[in-house]
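Report on the structure given below.
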Amino acid sequence: MKLNLVPARQGVAWVKQGVHNFRRQPLALMGLFFMFMAAISVVTLVPVLGSALALGLLPAATLGLMAAAREAELGRFPMPSVLASAFRAGRERLNAMLVLGGLYALGFLLIMGLSALMDGGTFAKLYLVGGKMTAEMVESPDFQSAMWLSTLLYLPFSLAFWHAPGLVHWHGISPVKSLFFSLVACWRNKGAMLVYGLTWVAVFALVGTVVTTLAALLGGADLVGTLILPTAMVMAAMFFASVYASFRDSFLFDDEPGPAAP
């Protein structure tokens, strides 16, 4: 395996590839993203450990969406079973993915724990358990400090896990090494990753503005609420379809990425 350095403009190409993959199989990718969200939501309902279990499953679930994007890119229809790709790859790689999930859960909870030192756990409780966000809460300096600390800590944390599921599943790299290689790849291609992130922010902002404006003109607040959810699902499905493109272009492998043999 070798790191593939790409120019900054490749970040825009990744976004375009995500949109292109979605256009190939829009209903399938939207349906799979809905199943992804539903499965994570159901797991969070488990008493006491629900949030931790959901966090632990995120790398495997993200791998499923990446595999679906790969199927669409190859011109194939991604079946629902593709979401379980990580659980059908043989015991060794399944165990590695579960370890990766455990590391993700522990790391994320650690970040939330550190943020609790700033505001007594208000932000962490809101994020993990849910609840109503009030204006008084948002305006609190302690709450804002916790939010910004979490954001700053989560950025490098998320980059370490960005390519890790694909490296573990498709190429049998150990969880710890996959985190290191993912972080290095994102750093060495930081120009492309920055352009990629900024492009998605611009796309989300533009689409959100257009949808809310049209809905407000045609039907008022009720139509805005009706259109926001499906629009957000479409945009999220496109985003996850682009994650595979960023993984594919960041490394050079002697073997083609493919599911591990059962």
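Lys190 meets the conditions (1) crowded, with 17+ Cβ neighbours inside 10 Å; (2) within 17 Å of Asn4 (Cβ to Cβ) in every case but one. The failed one is (1). Taking region 126-152 as the range and being at pLDDT 85 or above and either touching a Lys or Arg at 6+ places or on another chain (Cβ under 7 Å) or outside any loop (DSSP other than H, G, I, E, B) (or both) as the test, the residues that pass are Pro141, Asp142, Phe143, Gln144, Ser145, Ala146, Met147, Trp148, Leu149, Ser150, Thr151, Leu152. Would you check if Arg93 is assigned to a helix (DSSP H, G or I), basic (Lys, Arg) and either farther than 15 Å from His169 by Cα or under 16 Å from the mean Cα position of the chain (by Cα) (or both)? Judged against the criteria, Arg93 is not a match.
Could you say whether any residue in region 180-191 is modelled with pLDDT under 90 and closer than 20 Å to Trp14 by Cβ? No, the conditions are met nowhere in region 180-191. For the criterion of being β-branched (Val, Ile, Thr), surrounded by 15 or more Cβ atoms within 10 Å (Cβ to Cβ), modelled with pLDDT of 90 or more and in a loop (DSSP other than H, G, I, E, B), Val6 passes. For first residues located in region 136-163 and closer than 19 Å to Leu55 by Cα, partners that are among the polar types (S, T, N, Q) and at pLDDT below 95 and lie 6+ apart or on another chain with Cβ distances below 7 Å form the pairs Ser150/Ser115; His163/Ser250.
Of the numbered criteria (1) surrounded by fewer than 21 Cβ atoms within 10 Å (Cβ to Cβ); (2) assigned to a helix (DSSP H, G or I); (3) touching a Lys or Arg at 6+ places or on another chain (Cβ under 9 Å), the one Ala86 fails is (1).
The values are calculated or read from the model by the stated rules, or taken from the named source; none is laboratory data. Values in this document were obtained by computation on a predicted structure and should not be read as measured data. For neighbour counting, all protein chains shown are included, and Cβ atoms are generated from backbone atoms with ideal geometry for every residue, glycine included.
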